[in-house]
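Data first, discussion second: the structure below is written as structure tokens.
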Amino acid sequence: MAGLEPRGFKWVIAGRLAVSERIGGHGFQHRRVRREEEIIWLKDQGINTVVSLLPGNQNQAAYEGAGFGYYNLPIVGALDPGEIDGVFSLLDTATSQEGASVLVHRDLIDDTIVGILGGYLVHAGLIKNPIIATSIIQEITGRPLGPEGRRLIPTAP
């Protein structure tokens, strides 16, 4: 396989929904060549859509140039639980496209993005119990979920 695996890449729903750090790295670590290599790797994995939760449209031109569908929902800092339905709606839209294989990313894999994805598992009806969703998303991402992320997991679908 060609390309370079993005940092923190994990499948949340095999073949349908994945998470990683920002493609190409963040801040001083961001490199155009690395971004290009990671895009090649993502295409090899079947990813065809990117949902960016970055506050700007960084990498949009690169994603669209690679033929990816692109959605941007800027989240600065912690997400208010009252705004989670808008995020779930965007993920519903992105994942409902025929043949969609979606990557969601922020600069880093933090409590907010992990909480969003754990909450999405409940929202989508894949897991009914929020405690189990919390446990599973922690296992998938390999990181504990703190209070900022836990409050984004709904109590029922």
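List of remarks:
- With all pairs of separate Cα atoms included, the chain yields a Kirkwood hydrodynamic radius of 15.5 Å.
- Remark: segment 62-77, residue by residue, has Karplus-estimated 3J(HN,Hα) of 5, 5, 5, x, 7, x, 7, x, 9, 10, 10, 10, x, 10, 9, x Hz, where x stands for each Gly or Pro and the curve is 6.51 cos²θ - 1.76 cosθ + 1.60 at θ = phi - 60°.
- Using C-alpha pairs under 8 Å with a sequence gap of at least 6, the mean separation divided by the residue count of the chain gives a relative contact order of 24 percent.
- The stretch between residue 143 and residue 131, if pulled fully straight at 0.36 nm per residue, gains 2.8 nm over its current Cα-Cα span.
- Charge tally around residue 51: other residues with Cβ under 13 Å, Lys/Arg +1 each, Asp/Glu -1 each, net +2.
- Paramagnetic reach from residue 93 in segment 48-68 [backbone N under 16 Å; point 7 Å along Cα→Cβ]: 49-54, 57
- Sites listed here are chymotrypsin sites (Phe, Trp or Tyr not before Pro) in segment 54-117 whose DSSP assignment is loop and whose Cβ has at most 11 other Cβ atoms within 10 Å, and the list is empty.
Quick note: the coordinates plus some simple rules give every number you see, no bench work behind them. Here the structure is a predicted model, which is why all the values come from computation and not from measurement. Note that each Cβ is placed from the backbone with ideal geometry, even for glycine, and that neighbours are counted across all protein chains shown.
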